[in-house]
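Working notes, beginning with the structure itself.
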Amino acid sequence: MTTEKFFGFLTLNRNENENSYLGALLVVDVMSRPIEFRVTFPVKPTAIQRPLYGDVLEPYIGVELCGKQLIESVDHKLDCVIVNQEYLLEIRKDINCPVIYAQRAGEVIEISSTESIKPPGKKTQINSTSGRFQPIVISSSPREPEDSISAKEMVERLFEDIDLLEPFERIENALGVLVSQDERFK
Amino acid sequence: MDESDYSLWFKIAHRLIPLHTPKCLEFPNLDTSFSEPGINIVNIPQLLKPEQSKNFCPVTPKQTNISTSIISPGILNANDQIGILSEITEIPQLFEKIIFNGKTGKDYRNKESDKDETLQLPLDAFKEICIHGAMKPLCEYCSPLQSESSKKKSTNIKNSHIVNIFDLLLPLLQPPLGENFDSNISIPQKLFNFQRVGVKFLVEKPNALLADEMGTGKSIQAIVALRFLIRLGKVKKGLVICPKSILSDWDKKFWDWAPELQTRVVRGNKDTRLIIWKSPNHVCLVSYDTLRQDIDDIPINQFDLVVLDEIQRIKNPDTETAKAIRMIQPTIRWGLSGTPLENRIEELIAIYSYLKPNLLHYDDANNPIDVKRKISPYFLRRRLKDVKDELELGEKVKNEIWLELKDAQRESYEKAKEEGIVELNKHGEAITIQHVLALIGYLKQICNRESLTGESCKLEYLIDVLENDIDEEEKVLVFSQYPEKTLKPIQHDLEKFGVQLYSGQLTENKRNAVLGSFENDQNRILLISIKAGGLGLTITSANHVFHFDHWWNPAIADQAEGRAYRRGQTKTVFVTTLFTINTIEEDIHKLLANKRHLFQDIVDDLSDTSLSALLSEDELFGLFGLRSPKKPKSQSTEKPLEDLSPYEFEDMISKLCREIGYAVRETKRSRDGGVDLYAKRDLVTGTESLIIQCKHYPNGVVGVEKVRELYGVLASRQDISRAVLITSGQFSSTAIDFASGKNLKLINGDELKGILIRYKISPQ
């Protein structure tokens, strides 16, 4: 029988026009089929709040306000959470499974930040054995540097058939429909 | 520097202070701002970066304390500093914590969404496909619902329908089609050899009927074959049509056996179904009824493969369901059925008229050998007994139990039957087969259980067997075609054994819950409506099957037994069919014996056979001695009852009694002592002896004096059970009153005609 493993794709989507943020978590199975979809209503920092939160604005909204609530609300036990923004790795403190940050290999030029307090998590490149997808680089939270190692096998298996960054496109499309169709998400 | 210059400075400072601490600004056109030419770089007030208090916390930002001061006033004078500071000190007063407004979503596996996730959308919107290939409400580029006009539309209740917003999103959340097929095919269990042959057969045959006996895994073979074809790129989108009761079973099997395929069950309200039909899936699962309802609204050309499970559902080409299916014309058409031929060979021809058009014609019904030859390339059937060893199946032991109706049942049965026949006769030429079927159904219900007293010889037997013969660890399926009149009433009597009822009245969720409860809990008996649960279910935890009543069609009974006797069953399955003697069940049983013979001959062996034993209207009417009204009267020597002579009338009654089962002794034609016939027969309860007097008064009325005479004879004979006075005319009301409550049976001309037809006795 197929092993029931569930992967969560967590993202924070910024609506430039509305100056608002939507947190979203898509739970998929090993075939990348959607199992569960959770989304927050818009978080709208004011013009005063935005500069005052400064650099911590999106981490605060993404982790403390949205991510934590979304993770707590899913019905399925997640085996791994994949995020597309580095600051979302901080959600690791609220969940007992590996959290990894996935980037397309070579797409991001790393600039070391002198202001960075925490050391970056260990980065691991994953190749798609089918050769269909560009390699990705995964890294984990500095809190749990071993996450990228422990999640590697699961992620590699998933990456055979599924582009690990593709579910984020689905989420973005779905959020686009939500915003356009439902006044509550504007 | 005038006031407008101050405001310029302030705006620059106000914007930059919280983020940066610029030390100077360039003004290329400074001439316009300052009176001294040549100066294009000026110092601006050096504001310290806002300092956060030590207890700063993003969660409680109200604790923030920002202090700012100007350390390099540059060319600004003191008034400028005061003006800037007074503006900055207002910031903390405007600050509030960022508000989290809550979350929502849906668990697609459990089909439950958070409350209030419905959205009113105009139905017409879903019928439009935009230039981007999506339904307009789902297209982010050209959704018509973003505009103000959509708000107006949504307020029009008549034109709008409730849909779940997260159902709308599901297609968008699906992985891209064809993106995940590069892995090796993995299947949850190894296919049996015969199943591999079946998969190969389907993959290679675009027009095929897989007619393996139930329990051999036809649906799994079809799923694996479909999976191969999709992965080979030969099929883009498939459609599986099946009975509603097994939609969930198909869905689960797809989940297990083709996990990479996106499969959606088409159900819900009309709007939801429309969304599903048009969403990008590999396979749509739909019931026959739903397809019939939706056929005009779905893009039928999108399917290049269709699987018809229980394809005998389209055996009648004139039904709306069959017509709807014929509108779908995919390249690949597979039929699945354990019983493709239930009654007549024309049904097989009808099935192939869809699967492989022009292969067979209705004229072929007269030549079964030719039918066999023609369909053999497109037909595959393996019986359980052929693959039993491979499946490691246990034995199936069938048993028939013949029971005597209990007293109240018998009384109620006879009364209902007599009244029913009279009623049928009243219909005359207007009688239809439905009238007969209604009477049969009523009589069968009495055979199951007498409703007033609750007496049931079958229930009594079942309880006895459950208490004494069946191991307490073993589970039992009880099938009936009468969930309301039989299964519900006996459910109460079986409660001590742990009983569940599975009927068509239950919602799909409740049905699944009942099955789950039966499989996992201590419930020992599952009462199943044969219509709701006779197909598709897998209940191998039970190894005892009772048919509380018998369906017309032996194939239906076989299918019901197949719920327990199928792959995965390792125990011996005991099938017991309960019959009652001297009832309509016995008559039906004789018909079924012939039909079973037909089924085995035609379908199992596809050999030539006599088709004389087909079920027909004549057979049905014949159960009550009636003739099909559409059939022309035969050229016989029969004549109207009225034309008989008195002696011929007596002879006819004598013949009738013998046909019923009596031994008959005729008296002398004259001086008969008031008795024309003595009739006797043995019953379980003892010997029944009758004296019969015949009065052939075709247009007359038998008065009370004739009844009194007969009653006098009856009173003088202790060995006679009952007296019967039969006339071709009518009885007077006083005669009827006199006979009431006595062992006197009066049969008038109308009733007599009905009995004669029932026993196929013609006046001659």
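Annotations
- Residues of segment A:15-66 classified as part of a helix (DSSP H, G or I) and more than 7 Å from chain B (Cβ to nearest Cβ), total: 9
- Members of segment B:286-316 that are in a loop (DSSP other than H, G, I, E, B) and either buried (at least 18 other Cβ atoms within 10 Å of the Cβ) or among the acidic types (Asp, Glu) (or both): B:Ile298, B:Phe303, B:Asp304, B:Glu310, B:Lys315
- Residues within segment B:368-400 that are at pLDDT 85 or above and not hydrophobic (A, V, I, L, M, F, W, C), tallied: 7
- When B:Gln718 is tested against (1) touching an Asp or Glu at 6+ places or on another chain (Cβ under 6 Å); (2) within 25 Å of B:Asp407 (Cα to Cα), only condition (1) is not met.
- Meets criteria (within 14 Å of another protein chain (Cβ to nearest Cβ), closer than 30 Å to A:Leu158 by Cβ, at pLDDT below 80 and assigned to a loop (DSSP other than H, G, I, E, B)) for B:Asp167: no
- Restricted to segment A:177-186, and to residues there that are surrounded by fewer than 21 Cβ atoms within 10 Å (Cβ to Cβ) and at the interface with chain B (Cβ under 7 Å from one of its Cβ atoms), the residue that is nearest to A:Asn84 (Cα to Cα) is A:Ser180.
- Positions within segment B:504-534 being surrounded by 21 or more Cβ atoms within 10 Å (Cβ to Cβ) and in contact with a Ser or Thr (Cβ under 6 Å, 6 or more places away or on another chain), in sequence order: B:Ser529
- Residue check, A:Val137 at the interface with chain B (Cβ under 9 Å from one of its Cβ atoms) and either touching an Asp or Glu at 6+ places or on another chain (Cβ under 9 Å) or part of a strand (DSSP E or B) (or both): no
- In segment B:562-591, residue nearest to B:Val387 (Cα to Cα) [restricted to those that are buried (at least 19 other Cβ atoms within 10 Å of the Cβ) and either in contact with an Asp or Glu (Cβ under 8 Å, 6 or more places away or on another chain) or modelled with pLDDT under 65 (or both)]: B:Gly562
- Selection from segment A:41-73 of residues that are in contact with a Gly (Cβ under 9 Å, 6 or more places away or on another chain) and not polar (S, T, N, Q): A:Phe41, A:Val43, A:Ile61, A:Gly62, A:Leu65, A:Cys66, A:Gly67, A:Leu70, A:Ile71
- Number of the condition not met by A:Leu88 [criteria: (1) more than 10 Å from every other protein chain (Cβ to nearest Cβ); (2) part of a strand (DSSP E or B)]: (2)
- Residues that are buried (at least 16 other Cβ atoms within 10 Å of the Cβ) and in a loop (DSSP other than H, G, I, E, B), drawn from segment B:704-720: B:Ile720
- For segment B:212-223, the tally of residues that are under 15 Å from B:Leu261 (Cβ atoms) and crowded, with 24+ Cβ neighbours inside 10 Å stands at 2.
- Long-range neighbours under 7 Å by Cβ, at least six apart or interchain, first residue among the β-branched types (Val, Ile, Thr) within segment B:705-734, second part of a helix (DSSP H, G or I): B:Val707/B:Ala735; B:Val707/B:Phe738; B:Val707/B:Ala739; B:Ile720/B:Leu714; B:Ile726/B:Ile653; B:Ile726/B:Leu752; B:Thr727/B:Gly749; B:Thr734/B:Val704
- Against the numbered list (1) at pLDDT 85 or above; (2) under 17 Å from B:His696 (Cα atoms), B:Arg665 comes up short only at (2).
- In this entry, A:Ala151 is excluded by the filter for residues that are modelled with pLDDT under 85, more than 21 Å from B:Phe100 (Cα to Cα) and either away from chain B (no Cβ under 14 Å) or exposed (fewer than 15 other Cβ atoms within 10 Å of the Cβ) (or both).
- Of the set (1) at pLDDT below 90; (2) within 16 Å of the chain's Cα centre (by Cα), all apply to A:Thr3 but (2).
- Applying the criterion of being surrounded by 16 or more Cβ atoms within 10 Å (Cβ to Cβ) and assigned to a helix (DSSP H, G or I) to the residues of segment B:466-484, the residue that is modelled with the lowest pLDDT is B:Leu466.
- A single entry from B:Ser376, B:Ser337 fulfils the requirement of being small (Gly, Ala, Ser) and exposed (fewer than 14 other Cβ atoms within 10 Å of the Cβ): B:Ser376.
- Total residues in segment A:140-186 satisfying the condition of being in a helix (DSSP H, G or I) and in contact (Cβ under 8 Å) with a residue 12 or more places away in the chain: the figure is 25.
- Flag set for B:Ile328, criterion: touching a residue at least 60 places away in the same chain (Cβ under 8 Å), surrounded by fewer than 22 Cβ atoms within 10 Å (Cβ to Cβ) and out of contact with any Ser or Thr (no Cβ under 6 Å at 6 or more places or on another chain).
- Residue in segment B:355-377 that is in a loop (DSSP other than H, G, I, E, B), touching a Leu at 6+ places or on another chain (Cβ under 7 Å) and either among the hydrophobic types (A, V, I, L, M, F, W, C) or assigned by TED's automatic domain parsing to the domain that holds B:Val224 (or both) present: no
The values are calculated or read from the model by the stated rules, or taken from the named source; none is laboratory data. The structure displayed is predicted, hence computed values, not measured ones. So basically every Cβ, Gly included, is an ideal-geometry build from the backbone, and we count neighbours across all protein chains shown.
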